[in-house]
Amino acid sequence: MSAVLPPVTTHAQVLELLDSVTDPEIPTVSIGDLGIIRDVEVHHLGQEIHVVITITPTYSGCPATRVIEASIRNTVERAGIQKVVIKNRLQPAWTTDWITERGRQRLLEAGISPPACCVAHSIPDDTNVACPYCQSHNTLVLSQFGSTPCKALWHCRDCLEPFDYFKPH
Amino acid sequence: MNNALNIDQARFEQLLRLGDNALILGHRLSEWSADAPVLEEDIALTNVALDLIGHARLWLTAAGQAEGQGRSEDDLAYLRDVRDWRNLHLVELPNGDFARTMVRQFFFDSYHLLLLEGLACGHDAEIAGIANKAAKEVRYHLRHSRNWVIRLGDGTEESHARMQRALDDCAPCVPELFEADQIYLDLESLNIVPEIKLLKSEWELKVNGVLAEATLQMPEILSAHSGGRQGLHGEHLGYLLAEMQFLQRAYPGASW
């Protein structure tokens, strides 16, 4: 951890840095893969580097939002950036359509079934949810609300395991 | 234009109304925490509460900015007395049994979603942005409360009777949803809020459809509550605020 890292100076390096910031509720998925980061600006002001990061909250009341902001700030400041400004953007509203392919894969690996449909092209429809453990589509919703605002609680009728489903949003 | 207030004051009032409904109902639902009939419902009701409290934070922050007196979301939530609250009577109604909570929620969700969808198409970019985000969450709330209304209404003799009683309790709060004062009409003329007549007819159409499926009857409304948006409340709100505001009243400025 204490190895001296080369200084972060470019846009690509800041993005790479942010890749290590994860959602505290789903620690295997980066906030970039969840579509939370909307914009990154890097400004060189004399010797100083200032970074402006625009993020979008997932759910309005999600307590993870503040934790994510704090982790972004810590991560970027620890890399030697002199000033970090975090902006919140509500519009356009966050959607699960912005979760990347890698993000979906990581959700699956964490035992969370990724959204079964693209919200922009259809009315959210939960009829085709696959079990993350045995891939069966013989599944049943137990509750529309789960352990976090973004998830619903499902049950697999084949392997009988309960599982989390990331709701299309 | 013969406006009752200038546009900033009207926006402030409207933002308070939106924020106060969300916060008061969010608080009511949070009272179910660790007390719901089954674990899944405990999680569902508190998730809905969390969404609503999230909306309240956005609305009240915007209200404080519209007012321009430097009041924060916390100042507005914790330091206003009962007459300064702008919420509807429906949301301050005590939880009662699970049937009452679900009918109250179904009435409010149906109204809330139509209102937010209207605001999201309105001409005020800030209000439209928050409304658009909130509407996505409220669609899940409505799906949840609607399913329960049908399941319990068209359920056992006991659940049906309780649901019918809950309708009787909540019905007097319905006319207030569609009252429009001068502030609302001014904002309506600026296309910031949806047309109240349209809101009412769509609400009735949707709610009556679900009640029919649930084999429930909307009771005749003989006397109705009114004036929540102007700060006139029932006996219940004061008790709710006493609990919700206790910490900041007893230890001003406390934080963690």
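Numbers at a glance
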read-out: Any hit, segment B:158-170, residues being in a helix (DSSP H, G or I) and within 14 Å of chain A (Cβ to nearest Cβ); value: no
read-out: Filtered residues of segment A:73-120 (kept if basic (K, R) and under 30 Å from B:A125 (Cβ atoms)); value: A:R73, A:K83, A:K87, A:R89
read-out: Hits in segment B:195-221 (condition: more than 14 Å from B:L167 (Cβ to Cβ) and in a loop (DSSP other than H, G, I, E, B)); value: B:E195
read-out: Test for B:R146: is it within 13 Å of chain A (Cβ to nearest Cβ), of a type in the set (K, R), touching a residue at least 24 places away in the same chain (Cβ under 8 Å) and closer than 27 Å to B:T46 by Cβ; value: yes
read-out: From the options B:E179, B:E188, residue that is more than 14 Å from chain A (Cβ to nearest Cβ), farther than 26 Å from A:S143 by Cα and assigned to a loop (DSSP other than H, G, I, E, B); value: B:E179
read-out: Restricting segment B:151-182 to residues that are polar (S, T, N, Q) and surrounded by fewer than 16 Cβ atoms within 10 Å (Cβ to Cβ), the residue that is nearest to B:L90 (Cα to Cα); value: B:Q182
read-out: Wholly within segment A:70-169, strands (runs of 3 or more DSSP E) carrying at least 1 residues that are free of Cβ contacts under 8 Å to residues at least 24 places away in the same chain; value: A:139-143, A:151-156, A:162-166
read-out: Residues that are outside any loop (DSSP other than H, G, I, E, B), modelled with pLDDT of 90 or more and aliphatic (A, V, I, L, M), drawn from segment A:1-28; value: A:A12, A:V14, A:L15, A:L17, A:L18
read-out: Listing of helices (runs of 4 or more DSSP H) fully contained in segment B:37-128 that carry 2 or more residues being within 25 Å of B:V207 (Cβ to Cβ) and more than 14 Å from every other protein chain (Cβ to nearest Cβ); value: B:89-92, B:98-120
read-out: Single residue of segment A:46-69 satisfying the filter (closer than 21 Å to A:P27 by Cβ and in a strand (DSSP E or B)) that is farthest from the other protein chains (Cβ to nearest Cβ); value: A:I53
read-out: Residue that is nearest to the other protein chains (Cβ to nearest Cβ), among those in segment A:80-97 that are crowded, with 20+ Cβ neighbours inside 10 Å and of a type outside the set (S, T, Y); value: A:A93
read-out: Checklist (1) under 25 Å from A:I55 (Cα atoms); (2) under 18 Å from the mean Cα position of the chain (by Cα) applied to A:G111, failing item; value: (1)
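A quick yes/no check of all residues on (1) crowded, with 17+ Cβ neighbours inside 10 Å; (2) touching a helix residue (DSSP H, G or I) at 6+ places or on another chain (Cβ under 9 Å); (3) touching a residue at least 12 places away in the same chain (Cβ under 8 Å):
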{"position": "B:Y184", "(1), (2), (3)": "yes, yes, yes"}
{"position": "B:E188", "(1), (2), (3)": "yes, yes, no"}
{"position": "B:N191", "(1), (2), (3)": "no, no, yes"}
{"position": "B:L205", "(1), (2), (3)": "no, no, no"}
{"position": "B:A212", "(1), (2), (3)": "no, no, no"}
{"position": "B:L216", "(1), (2), (3)": "yes, yes, yes"}
{"position": "B:I221", "(1), (2), (3)": "no, yes, yes"}
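The values are calculated or read from the model by the stated rules, or taken from the named source; none is laboratory data. This is a predicted model, so every value here is computed, not measured. Every residue, glycine as well, gets a Cβ built from its backbone with ideal geometry; the counts of neighbours run over all protein chains shown.
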